[in-house]
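A short write-up of the structure that comes next.
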Amino acid sequence: MFQRFQLKMSPYIVFSIKDIVKEFPSFDKKALVYWQKKGYINKIRNKYYCFTNTVQDEFFLFLIANKIYHPSYISFESALGYYNVIPEGVYTITSATTLKTTLFSSNEGTFSYRKLKSSLFFGYQLIKYQNQHIKIAGLEKTVLDYVYLNTKNSTVNDFVMLRWNKEVLRNLNFKMLAEYQQLFQSKALNKRMDQFLKYLNA
């Protein structure tokens, strides 16, 4: 039974109870408890699972983040790490969501979500991962999301202390950055972005 289950569910990579019932309408959920005890599958959070032999790379963790709390997209420190803007490794997967701010921990990792209002849920792209797609903010939206919610970064020196990779940031699409920034309709963000641009051009 498990071999047939694995064959059907492997393309999902991360699968929910709803996904399982779609493939196996009369599925007995007790099997999930048994397979967890046997070490065949891991429970990521309520109703979401993955196979223990799945290769756990960055994209796998991003896909988990997208699936277990949605709508959401990868942003903030995780996206900055993906674009090689920040120098150190990122151990918590950070996402933007329109739902409440929250945090989940599992065997696979720690997943943090920060709330943005619905009008700011844009600026992400789809990255293909195996037969799935991952939602991740473009670099322009990543910078704006970060500066918008990390209010303590309000001076040139604050940005210097972040030790961001200026060579990468100088490849920003500044026209798109300005257009996205207008959509935030935030005077506080505008002031911090002025400092960010001064830092970038110093």
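Taking the chain as a Gaussian network of alpha-carbon nodes connected by springs under 10 Å, the highest mean-square fluctuation of the residues S72, S119, S105 belongs to S119.
Among T97, T142, T54, which one shows the biggest mean-square fluctuation in a GNM of the chain, springs joining Cα atoms closer than 10 Å? Maximum fluctuation in the GNM of the chain, among the listed residues, is at T54. Between P71, P25, P87, the GNM of the chain built on Cα springs shorter than 10 angstrom shows P25 fluctuating the most. Across segment 78-94, computed HN-Hα scalar couplings (Karplus, 6.51 cos²θ - 1.76 cosθ + 1.60, θ = phi - 60°) run 5, 5, 4, x, 4, 8, 6, 7, 9, x, 9, x, 10, 9, 9, 7, 10 Hz from first to last residue, x flagging Gly and Pro. Taking each DSSP H run with n ≥ 4 as -39500 (n - 2.57) and averaging over every residue of the chain yields -12500 deg cm²/dmol at 222 nm.
Sequence-ordered 3J(HN,Hα) estimates for segment 99-114 from the Karplus curve with 6.51, -1.76 and 1.60 and θ = phi - 60° stand at 8, 5, 4, 7, 9, 10, 10, 8, 4, 7, x, 10, 10, 10, 10, 10 Hz, glycine and proline given as x. Spacing of the modelled spin labels on D28 and N84, each 7 Å from Cα toward Cβ, amounts to 5.3 nm.
Taking a ≥ b ≥ c as the square roots of the eigenvalues of the alpha-carbon gyration tensor, segment 67-140 is classed rounded because a/c is under 1.5.
In the structure shown, do any of K37/K100; K117/K152; K22/K141; K115/K175; K8/K100; K128/K187 have a Cα-Cα gap over 30 Å, and if so which? Mind showing how you got there, number by number?
Working: K37/K100 32 Å; K117/K152 20 Å; K22/K141 35 Å; K115/K175 26 Å; K8/K100 33 Å; K128/K187 36 Å.
Long pairs (Cα-Cα over 30 Å): K37/K100; K22/K141; K8/K100; K128/K187.
Using a simple spin-label model with pseudo-atoms 7 Å out from Cα toward Cβ, V168 and M1 lie 4.6 nm apart. Residues D194, D158, ranked from the fewest to the most other C-beta atoms within 10 Å, line up as D194, D158. By definition, a body whose alpha carbon gyration tensor gives a ≥ b ≥ c is rounded when a/c is under 1.5, and segment 2-51 falls into this rounded group.
Read-outs throughout are calculated quantities, based only on the coordinates presented, and are distinct from any laboratory measurement. What you see is a predicted model; the values in this text were computed from it and never measured. Note that each Cβ is placed from the backbone with ideal geometry, even for glycine, and that neighbours are counted across all protein chains shown.
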